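Below is one structure, written out as structure tokens; comments come after it.
The values are calculated or read from the model by the stated rules, or taken from the named source; none is laboratory data. None of these values were measured; they are calculated from a predicted model. Note: ideal-geometry Cβ built from the backbone for every residue, glycine included; neighbour counts use all protein chains shown. What goes into the accessible areas is simple: the full protein's heavy atoms, side chains included, and nothing from ligands, DNA or RNA. Shrake-Rupley method; radii C 1.70, N 1.55, O 1.52, S 1.80 Å.
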Amino acid sequence: MTGNTMHTRRALLCATAVLACSTLAACGGDDGNAGPTGGALAPTAPSPTPTPTPPPQYTATPVPFNLTQSRTFDILGWDSWPSAPTPSAIQFRWNAAIDKYEVLAPGYADWSRLEALQDLRFGGTPHHYDVFGSGGTNLPFYMLVSAPPAPSIAGVGYVGNARIFESSFARAYFAFGIATAPGDVPVSGTMTCSFGEDEIGEGGLTFDRAAGTVSGWAEPFWGGGVRYELVQTSFAPGATTFAATFGTDGVLEGRFFGPRAVNVAVRAKGGGQGFAAVRGIMTGVCEG
């Protein structure tokens, strides 16, 4: 009886093993495609196709200052700005034959054209410009340019401003426009001018045109209320330019724009350290 029991158990174990193997085969077994738990591996998903970067969309450039012909602009600005500002050697002009700005930047032998990028901000008026060399190469810098289209807008009709950037670093900053002609600055009475620019600063000037004197103030945008009075001023009756010092080492130089000096541009640097310094270009209006 005992021997028969042992044979029966062996037969049962063998039958169980055969059944297990048969079931595994029926389920597909492990043919090398099974995962760690015996299930089939999911197929590898294909890599997504990269979305191509759309080309820049350029648009027409607004004609500055209501110009009807080509003109090389008068400039007041800083090169190597803001790290080590030096008087600007940049040349900038409007080419009416192609209705575009052109720039002759330091280090380049030929004029380069500006192409206006579409901009849905600022009422759609473009401010960002790519720059292309005479051979059509997209140069490694771009410009932000702002100029009124007509002299009647906001009283600032004859002067604009522009900045040059490489990557995200500013390299130059200048005012440009139609400067007041010699002999067109009134020589009697007084005249007041106000000027300013976001993240640069603001100021005010009072000219005694007959006496040939100027007084005023300037303050940095981030200066927390710091205001510098202008000292050691330089201005002569009928002059189209002026200068002054302020603070510990500040220098301010200015130029009139438009007929009868209706606009003004100033370039300033120094006055203090850090946020107490005034560094940049500011434009404004004159009355009187």
Note to self: Kindly evaluate Ala277 against the criterion of being within 23 Å of the chain's Cα centre (by Cα), closer than 23 Å to Ala170 by Cα and at pLDDT below 95.
What the structure shows: yes
Note to self: Suppose we keep only residues that are modelled with pLDDT under 95 and touching a strand residue (DSSP E or B) at 6+ places or on another chain (Cβ under 6 Å) within region 234-249. Which one would you say is least open to solvent (accessible area, probe 1.4 Å)?
What the structure shows: Phe246
Check: Among the listed residues Thr86, Thr61, which satisfies the condition of being open to solvent by 40 Å² or more (accessible area, probe 1.4 Å) and of a type in the set (S, T, N, Q)?
Finding: Thr86
Checklist line | Hey, Ser215 of a type in the set (Ser, Thr, Tyr) and more than 30 Å from Leu104 (Cα to Cα) or not | finding: yes
Next item on the list: Look at Pro55 and say whether it is modelled with pLDDT under 90 and under 20 Å from the mean Cα position of the chain (by Cα).
Entry: yes
Notebook entry, point to check: Can you find even one residue in region 121-132 that is at pLDDT 95 or above, under 11 Å from the mean Cα position of the chain (by Cα) and aliphatic (A, V, I, L, M)?
Noted result: no
Check: What tally of residues in region 208-220 results from selecting those that are free of Cβ contacts under 8 Å to residues at least 40 places away in the same chain and either open to solvent by less than 50 Å² (accessible area, probe 1.4 Å) or not small (Gly, Ala, Ser) (or both)?
Finding: 7
Next item on the list: Would you check which residues across region 64-83 are in contact (Cβ under 8 Å) with a residue 24 or more places away in the chain, under 23 Å from Glu115 (Cβ atoms) and surrounded by fewer than 18 Cβ atoms within 10 Å (Cβ to Cβ) and list them?
Entry: Asn66, Leu67, Thr68, Gln69, Ser70, Arg71
Item checked: In region 145-188, the residues that are aliphatic (A, V, I, L, M), surrounded by fewer than 19 Cβ atoms within 10 Å (Cβ to Cβ), modelled with pLDDT under 95 and at negative phi -> Ala150, Ile153, Ala170
